[in-house]
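Remarks on the structure that follows.
Readers should treat all values here as calculations from the given coordinates under stated rules, not as data from a laboratory. Values in this document were obtained by computation on a predicted structure and should not be read as measured data. Cβ placement follows ideal geometry from the backbone for every residue including glycine, while neighbour counts extend to all protein chains displayed.
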Amino acid sequence: MQQEEFKFPDEIENTDKNQADTPELEIKIEDDTPPEDRGRKPLPKEIVDELDKDDLEEYSEKVKKRLGQMKKVWHDERREKERVAREKDEALRFAQTQFEENRVSSSALGWAKGPTSKRSPRRLPGNLPRPRSA
């Protein structure tokens with residue numbers, strides 16, 4: 001004789017019901033590039049490689065210092081953009097996790113409320129029948 005294993009309501013996979021009850025999380029991605037910079041192409045790879053290989057030997061000390069400062073500003077801006085992108089990704093991941101936890105909690109709460117509302121009211125001390133007088 002084979003016994004069926006008991007599953008709690010949150011373990012039962014009812015995809016049709018879950019999909020119908022779950023509101024879709026809408027994510028809109030906006031291009032925040034300034035209008036004057038949209039559609040611009042980056043420098044060709046050959047030029048970028050040439051600039052990276054340049055050891056600045058033929059420039060004066062003042063120019064070398066200035067180019068070093070400009071390169072540092074460029075790297076700082078790149079690091080900041082990367083930090084913002086990481087924060088955005090983490091915020092999105094967190095929001096999706098919270099949304100899913102909220103959905104699971106709501107469905108569990110709905111399941112917990114369901115059977116109790118269908119039960120007949122129990123007799124409470126105030127609802128007990130009065131004793132008959134003799």
Using the structure shown, list the pairs from Lys7/Lys88; Lys45/Lys71; Lys41/Lys62 with a Cα-Cα distance above 29 Å, or answer none.
Lys7/Lys88; Lys41/Lys62
Express in whole angstrom the spacing between the alpha-carbon centres of segment 77-111 and segment 54-76.
41 Å
For the pair Asp37 and Val63, the simple spin-label estimate (label points 7 Å beyond Cα toward Cβ) gives in nm 2.8 nm
In what order do Lys64, Lys7 fall by count of nearby beta-carbon atoms within 10 Å, going from fewest to most?
Lys7, Lys64
